[in-house]
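Student: Below is the structure I would like to discuss, written out as structure tokens.
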Amino acid sequence: MNGIPNFFSVLGVVFVILLVVFVILLLIATILIYSIVKKQKIIFPRATLFLLDTLYFPIKRLVVYLNMDKSVVDKIQIEVRNVILKNEYFSSDIKNRIVVFPYCLRSIECKARVSPELGVKCVKCGKCKIGDFKKICDENSIKVFIAPGGSFVKRVLKKYPKSSVLLVACYAELNEMMRILSSKRIPEYGILLDKVGCIETDVDMENVKEMLFEAH
Ligand code: SF4
């Protein structure tokens, strides 16, 4: 007869322990975010990334509650992932690298066709920065993709599984794509757009070129 009350008291204790652990982890993650934002220094990169990946949604809520810029969590995850994974990416063969741009970087007058497997088939019309960049990549046999959505990169990697990937996107999409690729252990490097929005966004193409051709 005492079995059921005992069961509920054990459940209650377990719940309280989990709650305390959750609050402590949330506090540690907040301190790590604060130290990265204020001191521009990443301490314990792998632990930071683990905590931010695990507590992504609660931390985002907390950041909004604290009146901070909600993009800060994604930006920190991108920065930390780049720190952790950059050696693998920069030591990969340049010929095996592929570049993935977001759809919104094109000109609104872009007439290129879209294919489900290859994304936007850029014809290098010169109406946006991608055309000239693609010319250089074509000369070096490097593949360039313009992604119609965040999950597009998974399709590309099914076709080219040995690639390492240079990703360009806004903070939310870039973080999502980098998370997918790192779970599959694909060498990657992420570059944030300088101007975000749904149309005619912008990126520092010189920086993209530098990261594409840099090798260690
Ligand atoms: S350069 Fe390529 S992506 Fe840019 S507008 Fe022309 S066809 Fe579209």
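Student: Round to the nearest 0.05 the FRET efficiency obtained for residue 111 and residue 135 when R0 = 30 Å and r is the Cβ-Cβ distance.
Tutor: Between residue 111 and residue 135 the formula returns 0.95.
Student: Oh, and also: Kindly provide the Kirkwood hydrodynamic radius of region 3-68 in Å, to one decimal, from all pairs of distinct alpha carbon atoms.
Tutor: Its Kirkwood hydrodynamic radius stands at 13.5 Å.
Student: Using packing as a proxy for protection, rank 191-199, 51-59 so that the peptide with the highest average count of other Cβ atoms within 10 Å comes first.
Tutor: Final packing ranking: 51-59, 191-199.
Student: Once both labels are modelled 7 Å past Cα along the beta-carbon direction, what's the residue 30-residue 125 spacing in nm?
Tutor: For residue 30 paired with residue 125, the spin-label model returns 5.0 nm.
Student: Then there is this: Quick check on the chain: helices-only [θ] at 222 nm, where DSSP H runs of length 4 and up contribute -39,500 (n - 2.57) each and the sum goes over total residues. Nearest 500, please.
Tutor: Result for the chain: -18000 deg cm²/dmol, rounded to the nearest 500.
Student: What are the ³J(HN,Hα) values, in whole Hz, obtained from phi via the Karplus relation 6.51 cos²θ - 1.76 cosθ + 1.60 with θ = phi - 60°, for each residue of region 26-37 in sequence order, with x given for Gly and Pro?
Tutor: With coefficients 6.51, -1.76 and 1.60, one gets 4, 5, 4, 4, 5, 5, 5, 4, 4, 5, 5, 5 Hz.
Student: Quick check: from the Cα gyration tensor, does region 105-156 come out rounded (a/c under 1.5), prolate or oblate?
Tutor: It is oblate, given that a/c is not under 1.5 and a/b is not larger than b/c.
Student: Can I ask one more? What does the highest-first list of 167-178, 37-48, 205-216, 103-114 look like by mean Cβ count within 10 Å?
Tutor: 167-178, 103-114, 205-216, 37-48
Student: Search the structure for amide H atoms under 5 Å from the amide H of residue 145, placed 1.01 Å from N in the peptide plane, and list their residues when 5 or more places away or on another chain.
Tutor: 99, 100, 101
Student: For a quick check: with amide H placed at 1.01 Å from N, whose amide H comes under 5 Å from residue 164's, ignoring anything fewer than 5 positions away on the same chain?
Tutor: 97, 98
Student: With a 10 Å radius around each residue's Cβ, average the other Cβ atoms per peptide and rank 153-160, 6-13, 70-77, highest first.
Tutor: Answer by packing, highest mean first, reads 70-77, 153-160, 6-13.
Student: So for region 63-159: antiparallel DSSP bridges make up what percent, rounded to the nearest 5?
Tutor: Bridges in region 63-159 that DSSP calls antiparallel: roughly 35 percent.
Student: Among the DSSP beta bridges whose two residues both lie in region 86-213, what percent are antiparallel, rounded to the nearest 5?
Tutor: Taking every DSSP beta bridge with both residues in region 86-213, the antiparallel ones total about 20 percent.
Student: For region 86-213, just say rounded, prolate or oblate: build the C-alpha gyration tensor, square-root its eigenvalues into a ≥ b ≥ c, call rounded for a/c under 1.5, and beyond that prolate if a/b exceeds b/c, oblate if not.
Tutor: Note, shape of region 86-213 comes out rounded.
Student: Would you kindly derive the ³J(HN,Hα) couplings of region 86-98 from the backbone phi angles with the Karplus curve 6.51 cos²θ - 1.76 cosθ + 1.60 (θ = phi - 60°), listing them in order in whole Hz, with x for Gly and Pro?
Tutor: 5, 4, 5, 5, 6, 9, 6, 5, 4, 5, 8, 7, 10
Student: Given the chain, what percent of its DSSP beta bridges are antiparallel, to the nearest 5?
Tutor: Expressed as a percentage, antiparallel bridges in the chain total about 20.
Student: A further question on this structure: Which whole-number percent gives the relative contact order of region 1-129, counting Cα pairs below 8 Å spaced six or more residues apart?
Tutor: Reported as a whole number, the value is 15 percent.
Each value in this text was obtained by applying a stated rule to the coordinates, not by laboratory testing. As the structure is a prediction and not an experimental result, all values here were calculated from the model. Because the Cβ atoms are built from the backbone with ideal geometry, glycine has one as well, and the counts that use them run over all protein chains shown.
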